[in-house]
């Protein structure tokens, strides 16, 4: 919690995870406002990555990271007590000053890299370790640990999907906020809070009404990308040691 009593929760995830479902869960609470990928416009503007509708994302968002920081750490929209911020790890570029992370409560959402890459490669056939985001996630984790002197929260997507109630209850307990049953079930469809990129990436989550156990897709990992998965594995294993359990 900050001086104004608000919880500014930054959840750091790589792509093809359950980060948007987590955003749905938090937004379905009566006491929470959410922000979808605040640094996306800045990342695209600086990196020149050829993501779908990149120009549209930049125009709709805040391409200056200082503007993002001001909003992320400033007054919470609607004076809500909880401000959930869904962040992608690869959007936090090294050229930024990261000290603002100390003004947030940081949580790291991890997923088996084999699962991530098997899914991601369907839309981006030649992903890199930077695209997967796990090495940057570990770097952010280390930075926040050193900055705050505390080990940040870590959630494994598999644990959440296997036991949504138990994991979300444990997360709320760790954050010292009451658990809400509303986090387990939400209406299907889009949200005004969804980023302009939702039409490209949110088809499944827009059809969802809650967390659903999923079958492993790791066996679908293309053989050509097994080396990438192996390179990501040590970062995942290091973070998984700290994962929250119910």
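Values quoted throughout were computed directly from the atomic coordinates according to the rules given, and no laboratory measurement underlies them. Only a predicted model underlies this, so the values are computations on that prediction, with no experimental measurement involved. Note that we place each Cβ from the backbone using ideal geometry, even for glycine, and neighbour counts take in every protein chain shown.
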Residues in the stretch 23-54 that a label on residue 95 would reach, taking backbone N under 17 Å of a point 7 Å out along Cα→Cβ = 39-51
ask   = Tell me, in nm to one decimal, what length is gained between residue 181 and residue 147 on full extension, where the rule is 0.36 nm per residue of separation less the Cα-Cα distance?
value = 8.9 nm
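Quick one: Cα convex hull volume of the stretch 162-246, Å³ per residue? Show your work: numbers first, answer last.
Working: hull volume 13.3 nm³, N = 85.
Hull volume normalised by residue count: 157 Å³.
With the contact rule set at Cα under 8 Å and sequence spacing of 6 or more, what percent relative contact order holds for the chain? If you can, show how the numbers build up before the last one.
On the way: 386 pairs, mean separation 68.3, N = 246.
Reported relative contact order: 28 percent.
The chain: D in µm²/s via Stokes-Einstein (Kirkwood Rh, Cα pairs, 25 °C, 0.890 mPa s)?
Values: Rh = 18.3 Å.
Translational D for this selection: 134 µm²/s.
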inquiry  = Rounded to whole Å, give me the distance from the Cα center of the stretch 183-246 to that of the stretch 148-168.
reply    = 13 Å
ask   = At what distance in nm do the modelled label points of residue 130 and residue 233 sit from each other, each positioned 7 Å from its Cα along Cα→Cβ?
value = 2.5 nm
task = Would you work out if the stretch 22-68 is rounded, prolate or oblate? Take a ≥ b ≥ c from the square roots of the eigenvalues of the alpha-carbon gyration tensor; rounded if a/c is under 1.5, else prolate when a/b is larger than b/c, oblate otherwise.
result = prolate
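With runs of 4+ DSSP H residues as the only contributors, calculate the mean residue ellipticity of the chain at 222 nm using -39,500 (n - 2.57) per run, divided by the residue total and rounded to the nearest 500. Walk me through the numbers before you get to the answer.
Numbers: 12 runs with 102 residues, N = 246.
The helix contribution divided over the chain gives -11500 deg cm²/dmol.
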ask   = In what sequence, highest mean first, do 22-31, 135-144 appear when ranked by Cβ atoms within 10 angstrom?
value = 22-31, 135-144
ask   = So what are the three principal axis dimensions of the stretch 1-128 from its Cα atoms, in whole Å, longest to shortest?
value = 45, 28, 25
